Amino acid sequence: MQGKKTFVFICLAVLMIVAQTSFAQAKVTITVYGDEGQNLTPVEWLKPLAAEKGITLETVGVPFTSVYEKLKTEFVGGTGAYDVVIFYPDYLGEFAEFGYLQPLDGLFSVHDPNMADVVPAYRDLYTMYNGKTYALPYDGDILNLYYVKDIFTNAAEKAAFKAKFGQELAVPRTWDDLSKVAQFFTRKKGDKLAGKVLDQDYYGFAFLGARGFAYAWWANIFGSLGGAWFDRNMKPQINSAAGVNALKIQKSLMAFCPPDVMSMGYQELMNAYLQGRVATMIQWSDVWKKANDPKLSKIVHNAGISQVPGVKQADGSIYFRAAAPVGRIIGIPTTTKHPKEAFWVASMLSNDESIKAVTSNDTGEDPYRISHMNNIKAFEKFGTAAEAKNYLDTVKDNLNHVFPDVNIPGSAEYLDALDVAVTSALSGSGDPAAALNTAAASWDKITQSLDVNRQKKIYNSMLEMWKKHGFWKD
Amino acid sequence: MAGSAGLITLETSQKRFARLMALPGMIVLILLVVGPLVYMFANSFMLKTLATPLPPRFAWFKNYGDLFTDGRFWNAFLNSMIIMVVGIPVQSVLALIIALLLNKKFPGSKIVVALFLIPVMITPVVAGFEWKIILDNRFGPLNFVLSFFGVAPLAWLAKPALAMASILIMDTWQWTPFVTIVLLAGLAAIPKQVYEASSVDGSTARETLWRVTMPLLRPMFTLVVLLRIIFIFKIFDPVQILTGGGPGISTETLGLLTYIIGFKNFNVGMSATIAVVQLIIITVIAKLFITLVMNRREGKQ
């Protein structure tokens, strides 16, 4: 009898060991989907570690602006080609609502993604849907205001600014201030800037004007003017007074931008700043790291970063909102045959390996975890401890004041219509109010063509999350 | 009588055999052309989007109504027409001049003709990237060359009018050689005796060009213009790479709009509607053009 018990015990122990180690010893291939180039580099870095776990990692890269269309095609086709998908939060509502992605809460036991460590506003607004986690953060994309430091501290420039505007020259905190600063620093070739003769025209400001994500630079202003995408009944609010004023402000700033601003994408805008052609600009967080790389930049240790300007309120406070276009997150499709292995990969990328990714110039990933924000040492390779701290504090401030993209079903179509309106009005081919009215009419049509009640329900749940973070008042 | 019946049987069997031989081709045609065309027409009457898994709804002519009241569609239509109305005449005149020059035999003329084909052989996507570099307002060679003539750097891709001009320049660069080669083939086919007769009659070079060369080149012109009309209405990749339809929608063409609505917004019903309308427009323009040319030709004859 004793021998029989011992035999059963040994069998159970062997079974438990086998069960525990089966995941580690499994030989599976996990295909990771994302936008090609620098943003898939962390997946390449993870390959040796994954191999030790018996996981072969393969990547499928698509162009930056085609992430939605290629992924949606796969989801509609239900091919199950991808196990891990890196995409933009704009599409989270659509993908989660229609069952393309699986909720991840039940997989947290596979490998803890440490979600408590993620900046709260970013976590709640960009990785959760209907109270469940559908994605893990991968890239804390947020827009920031950049400026060239030494021209703001130059005594002659400060005196000239005070003489012209009757106020101290300072890093702009409001859109009004930005307008003055941009106007002040716009100079012609041969003029002097901070005591040096300019060998090319110099501009006070720049933004991203190329089609695709240009709407987000307008959304910074729109958000800070109190704008929201829809009201509670799904009536578009983009053509409200806040929307029209935002577009007018942006258009007025164009007078101080380089002539090619409307064809500037990510790279062109960054180069304008790194090559010392503009005094200020608004861009994603990774630019500060690149600005301090002598191989890429002429403004090493001279790149300042600040909160995206806001709007002064009656009580003297400033209402800030920073748009967060792109901002990659990682999901697991419902069609994957290896959800545990896929989650392990997602969790490693989102948590364990993330500090390496956000502190490298070989990737485009930006900080999004509290542990990133507190790890000043890791960012000191780009600047002094004080510069690194200022960078991280600013990114955190902007993330805590995020103005999230509309991320309900149909968001790609909504945002395309808005992008067309914004870029048309800015490029001179449309009046701001008329352009936004056209976009609002398109938004109405899009909502009607989808299930209106479901759209309303989803958007209202998004607003509740905004409310929780103080971004919405009924 | 019996012989006649046998002949009929033979004829019938030959017809059957011919039909049988044509059958595989017909099946392929039905599967690859007629089937998708019918499916496209059917979709154009449906409210059908892949953004949500809602079932498609039959909507009669709603998509057509929405399309014809959409300013973005008319903008894309106008842009396609601008490329057609400006591009084709410019390319035709340039191509004729070049073809006449290349028709004169000179040392290395065959190499020049071969080199001339390069732009046509380049993938449109690559051409788009090349021109993006050429037109760069700071480092682009075009602005560098223009600076010698005192022209300040132009932001080619950032201003609506210049962006459209850029599309036209790129299209002309890529397609003029194609038109040239077709016209060159037409010139080579004109018998020398015709020119000799014209010379004997005392015609000047200009008279020979207008009264001999041009009328004999008309079939080639007809062919090449028709092809260019079709190509221009389908133009997509170089525009997508060069301007993405921007700034705003200033360079958005019908081909690009169809792609955006179908493959970015996944509005299958509306993209099918644009495709149907585009097909009708191309057919009408082509028919009008052929009728015009043929009437003139018959009138001249």
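Annotations
- Candidates A:185, A:205, filtered to the one that is over 19 Å from residue A:284 (Cα atoms), in contact (Cβ under 8 Å) with a residue 24 or more places away in the chain and not charged (D, E, K, R): A:185
- Residue count for segment B:133-164, restricted to those that are modelled with pLDDT under 95, among the small types (Gly, Ala, Ser) and either crowded, with 22+ Cβ neighbours inside 10 Å or outside any helix (DSSP H, G or I) (or both): 5
- Checklist (1) away from chain A (no Cβ under 14 Å); (2) surrounded by 18 or more Cβ atoms within 10 Å (Cβ to Cβ); (3) more than 11 Å from residue B:178 (Cα to Cα) applied to residue B:91, failing item: (3)
- For segment A:152-185, taking the residues that are under 34 Å from the mean Cα position of the chain (by Cα) and aromatic (Phe, Trp, Tyr), the one that is nearest to residue A:310 (Cα to Cα) is identified as A:175.
- Selection within segment A:116-171: residues that are part of a strand (DSSP E or B) and among the aromatic types (Phe, Trp, Tyr). The member of this set that is farthest from residue A:394 (Cα to Cα) is A:129.
- Residues satisfying the stated conditions in segment A:250-291, i.e. farther than 21 Å from residue A:193 by Cβ, in a loop (DSSP other than H, G, I, E, B) and more than 10 Å from every other protein chain (Cβ to nearest Cβ): A:285
- Condition met for residue B:221 (loosely packed, with under 15 Cβ neighbours inside 10 Å and either assigned to a helix (DSSP H, G or I) or not assigned by TED's automatic domain parsing to the domain that holds residue B:125 (or both)): no
- Selection count, segment B:46-69, where residues are closer than 22 Å to residue A:73 by Cα and assigned to a loop (DSSP other than H, G, I, E, B): 8
- If you go through segment A:419-436 and keep only what is crowded, with 16+ Cβ neighbours inside 10 Å, within 11 Å of chain B (Cβ to nearest Cβ) and either of a type in the set (A, V, I, L, M) or closer than 19 Å to residue A:240 by Cβ (or both), you end up with A:419, A:420, A:421, A:422, A:424, A:425, A:426, A:430, A:435.
The rows are residues; the columns are (1) closer than 30 Å to residue B:52 by Cα; (2) buried (at least 18 other Cβ atoms within 10 Å of the Cβ); (3) acidic (Asp, Glu); (4) at pLDDT below 90.
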| position | (1), (2), (3), (4) |
| --- | --- |
| B:204 | no, no, no, yes |
| B:240 | yes, yes, no, no |
| B:263 | yes, yes, no, yes |
| B:274 | yes, yes, no, no |
| B:299 | no, no, no, yes |
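- Filtering segment A:218-245 to residues that are within 20 Å of the chain's Cα centre (by Cα), of a type outside the set (S, T, N, Q), away from every other protein chain (no Cβ under 14 Å) and surrounded by 24 or more Cβ atoms within 10 Å (Cβ to Cβ) leaves A:219, A:221, A:222, A:223, A:229.
- When each of A:36, A:97, A:44 is tested for being over 19 Å from the mean Cα position of the chain (by Cα), among the acidic types (Asp, Glu) and either modelled with pLDDT under 95 or not assigned by TED's automatic domain parsing to the domain that holds residue A:339 (or both), the lone residue that passes is A:97.
- Among residues of segment A:414-437, those that are in a helix (DSSP H, G or I) and either in the same structural domain as residue A:207 (by TED's automatic domain parsing) or over 16 Å from residue A:214 (Cβ atoms) (or both), counted: 3
- Residues that are in contact (Cβ under 8 Å) with a residue 60 or more places away in the chain and more than 10 Å from chain A (Cβ to nearest Cβ), drawn from segment B:252-267: B:253, B:254, B:255, B:256, B:257
- Meets criteria (within 14 Å of chain A (Cβ to nearest Cβ) and touching a residue at least 12 places away in the same chain (Cβ under 8 Å)) for residue B:270: yes
- Selected residue (only one of B:111, B:98, B:122, B:134 is in the same structural domain as residue B:248 (by TED's automatic domain parsing) and touching a Leu at 6+ places or on another chain (Cβ under 6 Å)): B:134
- Pairs are defined by a Cβ separation below 7 Å, a sequence spacing of at least 6 or placement on different chains, a first member in segment B:149-168 that is within 8 Å of another protein chain (Cβ to nearest Cβ) and in contact (Cβ under 8 Å) with a residue 40 or more places away in the chain, and a second member that is crowded, with 18+ Cβ neighbours inside 10 Å and not in a loop (DSSP other than H, G, I, E, B); the pairs so defined are B:157/A:263; B:157/B:163; B:157/B:166; B:157/B:242; B:158/A:261; B:158/A:262; B:158/A:263.
- Any hit, segment B:233-247, residues being within 30 Å of residue B:155 (Cβ to Cβ), free of Cβ contacts under 8 Å to residues at least 24 places away in the same chain and within 13 Å of chain A (Cβ to nearest Cβ): yes
- Options B:181, B:167: the member that is modelled with pLDDT of 95 or more, touching a helix residue (DSSP H, G or I) at 6+ places or on another chain (Cβ under 8 Å) and crowded, with 18+ Cβ neighbours inside 10 Å: B:167
The values are calculated or read from the model by the stated rules, or taken from the named source; none is laboratory data. Nothing here was measured: the structure is a model prediction, and the numbers come from that model. All Cβ positions, glycine included, derive from the backbone under ideal geometry; neighbour counts span all protein chains shown.
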